[in-house]
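The structure appears below as structure tokens.
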Amino acid sequence: MTLSSPVLIGREDLLDLAGRRLAEAAGGAGELLLLAGEAGIGKTRLLREISGRAAGDGFAVVGAAAVPGDAEVAAGLLTDLGAALRRDPATAEIGARLIRQLRKDGVQHRRLLVADLLDMIEEVIQRPTLITCEDLHWADELTLDLLARLALRARSLPLLVVGTYRSDELYPRTPTRAWRSRLVTQRHAEEARLPRLDRAGTAKLAAAITGEERGDVFDRTDGIPLHVEEFLAAADADRVPDSLADAVLFRAEQLGTAARDLAATASVLGRSFDLDLLAAITKERPDVIDAALRELGERFFVQPRGDGSAYDFRHALIRDALYADLAPLRRRELHGRAAEVAAAAGFAPAFVSDQFERAQRPHEAFPYAEKAAAEAAALSAHQEAAHLYRRALRTIPAGRNRAAVLTALAGEFAAIDDNAAADAAYAEAYRIRIECGEPVAAAALLPEWVAVRHLLGDDLGRRTATLDAGLDLAGDDLAVRARLHAALAAAYMLDRRLPEALDNGERARMVLHDDLDLDVTVGSVLLFLGRLDEGYALLETAISRAAGGNREKTAARAYRMIGSSTSVLVEYDRAERWLTEGIAYADRVERFNDRHYMAAHLAHVRWATGDIAGARTLAEAALADGRGGITTRITALHVLGYADLAADPVAAHAALTTAADLGAAMHELQRVSPAWWGLAELAFLGGDHDAALARCEQGFAASAAVGDASYLFPYVVTAVRSALAANGPSRAREWLARAEPLLAARAIPGTLAAADHAWGLIHLAEGQTGMARARLDRAATAWAARRRFWEGTAVLLDQARCAHRTRRPAEAAALVTAARTAWGPSSPPSAWLAGTPAAGGPAESPLTARELEVARLVASGRTDREIAGELVISPRTVGAHVEHIRTKLGVTRRAQIAGWLATAVSDDSPARLQDRRRGS
């Protein structure tokens, strides 16, 4: 059974071309359009889509297809076309006449016959018509002659003729070859070629067929849609699908004996093969080999590469089919001969090891596999290295150091982000070391293993327990103990337990002098301790030296540490520089986990600096491409949540909750705190101030436990806003009194604006507008200097409220306009706009109609009891309304309510109109 895609993939440009030609044909200016491509490229599927589009546009659609052998049968395709016409009642008579004419005249009077047939077909064209002719490479000369003449007539008819042919089956003596060349050269026909799908298109096609991405499909199918479908349909993915193999072998049977034997021998060398190597294996005379290669080229089995010293099979599956057809012992013999010749000639060790393994000579394969794996790793070809180390494991002789190969394989798995496989390889290597009585060697692999376990979600407790146990195994080996302390420093640093991290880092540095990996850890610790200059110096030097010395893992880690750290520390210019450079570096050296992790943090920087669309794009890509790395996934999810805070609260809540749940399992501050803040801000924006405060308390407790400021600072403004809304200035002051010392203790420049912003809000709520203005102005300047968008636009609106209350309407309106402009086509959260004037218009009142009534009466000097009597409600209800008014307006005195009412409510506001109706 063959699977097929429910949608057409990668042919949008050709569909658009066909759409334009259909439109021209509908207007009376048709043509002959040829769709060319190799077997299986998707010509039939594209033709079906074009036919469906034509039928939907009101075209009459008639189609026929040539079959093998038609070139030797006159008018075979035309007969099928006549049969197709007979099936439609509107054209049945003409179809019958066409068939009778073909049977009567044959080809004796060819020119007259073609003229008659053209006249008959033209009779059919009573409305826009599409005629499709498939597989013209098998068509006979009469059919081709008719189509050539029809192409000329179509220019003045509402007729589009679309024909398909296999470009790889136009052998020198086939009639279609010369016919096609003449038509295209003379511009009597238009030709469009269907290229193979690229890697991305192939993955998209595989996903459309199976519902899941298959990374191996492109390499096995070369992007040929039919081969993709056949490959995916096969029960055994390592076996060429029977239907395709049968097709290849059928063609191979038509070859001469020498060509067939040479193709079979070449198949043991792979998709590409060296001519000299092939000659050495076959031991045939050069003239025999040349003739066989010429035939294989003419029959589209192989094609020369470059100067002809090497050849390629045209499709990977052609080679696979021929290879699978070899008898087992013959195949083994050929592989053995290929391995011996290749080894003697100095061929690449990867190729030699493969040939020896396939010849079932594992002991000879192992040294070549191990050497090739090490060379690939040195060249950053980590996928290839992992493949070769697996081969080394399969072929390793008894008594060799299996644990060392497993450890090397684990490192390559980690480099390509296959963390589960890396974990399994490290576990096996560790088991072997322990069983062999090698505790120091077992301890030595723990730092790398623990790093992998971290990516798989192990919490700090499990990781530090493993490393502490390693210290016991290491005994007096100072170097291994230092490595373990360095790993402990990294583990504590990730959880922002900075004193423990620095202590372990310094212990390690006493032994590991000039160690770049350790410098990366210590440099990151210093950054979060607020010792920025020292931290930057260590990290930047580590990047320069590691990258220059081809220490890729260390350089990539240094990039990700400086990039992610600066993104958190509100050092966005530095973050953009190092993350962008780091992503490019990780791409070059195939450090995929590092690449995706940095992309997720760059998404955070994009959001933090106001590029919300760019943040979403990067985060979605990191999430899709990260292949399961939990730290990348967490960061990308909280960025997606941030991007939806104002636009889609439901989506924001879903993303942030998922991120929080994943982070909670790791028990690390940096994994959970960003999501908790997003949920706190979301609750505040939704009016659930108690829930917002609860999340802020959660974030504060986590930061306070480790003396953190970098993850705490966003909570400061959110908590103060929520406290003011829920409880008033006293609660807000109490919260800030606990948080501000943590910010001051670390003195990280990018976080300090949060305290000014929070104090400005408190002073504004208390009616101390002068103090509020000074604090808010200072916060606005700091946020702008740091390019912090979220708080930076919020503070503009806070300044606008302050200006509004102190009767500076032009300044207030300008600030609102600036905030709205920064948000572009979207709008700032409505919760921020409360109490601000609309740019160029009256105030946007945060009060309900009833609260406006109460506020008017308060402003007139009435007591609560007097207001209750006038509005026929209880004094207690009036008191509640007054409290709500104070909270919403951020004021504490009744006189301030009057002041707000005097400036915030225009003559055309609902309150004034209501006043007029009441006659007041």
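The values are calculated or read from the model by the stated rules, or taken from the named source; none is laboratory data. All values derive from a computational prediction rather than experimental measurement. Cβ atoms come from the backbone with ideal geometry, glycine included; neighbour counts cover every protein chain shown. These area figures cover heavy atoms from the full protein model, side chains too; ligands, DNA and RNA do not enter into them. Shrake-Rupley method; radii C 1.70, N 1.55, O 1.52, S 1.80 Å.
Working with all protein chains in place, sort 318, 434 by solvent-accessible area computed with a 1.4 Å probe, largest first.
434, 318
With the Cα gyration tensor of region 615-748 giving a ≥ b ≥ c as the square roots of its eigenvalues, does the rule (a/c under 1.5 for rounded; else a/b larger than b/c for prolate; else oblate) give rounded, prolate or oblate?
Values: a/c = 2.39, a/b = 1.47, b/c = 1.62.
In terms of gyration-tensor shape, oblate.
Express in Å², to the nearest 10, the accessible area of residue 592 obtained by rolling a 1.4 Å probe over the protein heavy atoms while all chains stay in place.
Result for residue 592: roughly 50 Å² accessible.
Given H placed 1.01 Å from N in the peptide plane, which residues other than close sequence neighbours of residue 34 have an amide H under 5 Å from its amide H?
Close amide H contacts, sequence-distant or interchain: 163, 190, 191, 192.
Place a label point 7 angstrom from the Cα of residue 541 along the Cα-to-Cβ direction, then list the residues of region 466-485 whose backbone nitrogen is under 20 Å away.
It comes to 483, nothing else.
State the extension gain, in nm to one decimal, for the chain segment bounded by residue 647 and residue 332, taking 0.36 nm per residue of separation less the distance between their alpha-carbons.
Working: separation 315, 0.36 × 315 = 113.40 nm, distance 6.40 nm.
The span from residue 647 to residue 332 would gain 107.0 nm if fully extended.
What are the ³J(HN,Hα) values, in whole Hz, obtained from phi via the Karplus relation 6.51 cos²θ - 1.76 cosθ + 1.60 with θ = phi - 60°, for each residue of region 754-767 in sequence order, with x given for Gly and Pro?
Couplings: 4, 5, 4, 4, 5, 5, x, 5, 5, 4, 5, 5, 8, x Hz.
Taking only DSSP H segments of four or more residues, each worth -39500 (n - 2.57), what value at 222 nm results for the chain once the sum is divided by all its residues, to the nearest 500 deg cm²/dmol?
Numbers: 48 runs with 635 residues, N = 920.
About -22000 deg cm²/dmol.
Taking amide hydrogens as modeled 1.01 Å from N in the peptide plane, which residues meet the under 5 Å criterion relative to residue 42, leaving out close sequence neighbours?
Distant-sequence amide H within range of residue 42: 226.
Nearest-5 percent of antiparallel DSSP beta bridges in the chain?
Values: 8 of 30 bridges.
The antiparallel proportion sits near 25 percent.
Once each part is reduced to its C-alpha centroid, what is the distance from region 444-471 to region 867-897 in angstrom?
60 Å
Tell me the label only: which of (i) -0.86; (ii) -0.66; (iii) -0.49 is log10 I(q)/I(0) by the Debye sum over Cα atoms at q = 0.06 Å⁻¹ as calculated from this structure?
The value computed from this structure is option (ii).
Rank 866, 169 by accessible area, highest first, at a 1.4 Å probe radius?
866, 169
Take 827, 703 and sort them by solvent-accessible surface of the protein heavy atoms, 1.4 Å probe, largest at the top.
So the residues, ranked largest to smallest area, are 827, 703.
What is the spin-label model distance, in nm, from residue 182 to residue 92 if the labels are put 7 Å beyond Cα along the C-beta direction?
Using points 7 Å along Cα→Cβ, the separation is 3.8 nm.
With θ taken as phi - 60° and the coefficients 6.51, -1.76 and 1.60, list the Karplus ³J(HN,Hα) couplings across region 571-577 in order, rounded to whole Hz; mark glycine and proline as x.
10, 6, 4, 4, 4, 4, 4
Please work out the C-alpha center-to-center distance from region 132-147 to region 503-547 and express it in whole Å.
Each part's Cα centre sits 73 Å from the other's.
Residue 204: which lysines have alpha carbons under 28 Å from its alpha carbon, excluding same-chain residues fewer than 8 sequence positions away?
Leaving aside lysines fewer than 8 places away in the same chain, those within reach of residue 204 are 43.
Which shape class, rounded, prolate or oblate, goes with region 371-513 when its Cα gyration tensor gives a ≥ b ≥ c as root eigenvalues, a/c under 1.5 marks rounded, and past that a/b bigger than b/c marks prolate?
Working: a/c = 2.00, a/b = 1.57, b/c = 1.27.
Since a/c reaches 1.5 and a/b is larger than b/c, the shape of region 371-513 is classed as prolate.
Leaving out ligands, DNA and RNA, and with a 1.4 Å probe, what % of the accessible surface on region 552-703 is carbon or sulfur?
54 percent
Need the C-alpha centroid separation for region 712-749 versus region 625-703, integer Å.
19 Å
Tell me the accessible surface of residue 450 in square angstrom (1.4 angstrom probe, heavy atoms of protein chains only), to the nearest ten.
About 10 Å², rounded to the nearest 10.
HN-Hα J couplings of region 394-410 from phi, Karplus 6.51/-1.76/1.60, θ = phi - 60°, integer Hz, Gly and Pro as x?
Calculated HN-Hα couplings, in order: 5, 10, 5, x, 4, x, 7, 7, 5, 4, 5, 5, 4, 5, 5, 4, 4 Hz.
Classify region 677-722 as rounded, prolate or oblate, taking a ≥ b ≥ c as the square roots of the eigenvalues of its Cα gyration tensor: rounded when a/c is under 1.5, otherwise prolate if a/b is larger than b/c and oblate if not.
It is prolate, given that a/c is not under 1.5 and a/b is the larger ratio.
Long-range amide H contacts for residue 310: which residues qualify at under 5 Å (H placed 1.01 Å from N, peptide plane, sequence gap of 5 or more or a different chain)?
275, 305
With every protein chain left in place and a probe of 1.4 Å, what is the accessible surface of residue 771, to the nearest 10 Å²?
Answer for residue 771: close to 100 Å² accessible.
Could you state the angle between the C-alpha long axis of helix 849-859 and the longest principal axis of the C-alpha atoms of the chain, as a value from 0 to 90 degrees rounded to the nearest 10?
30 degrees
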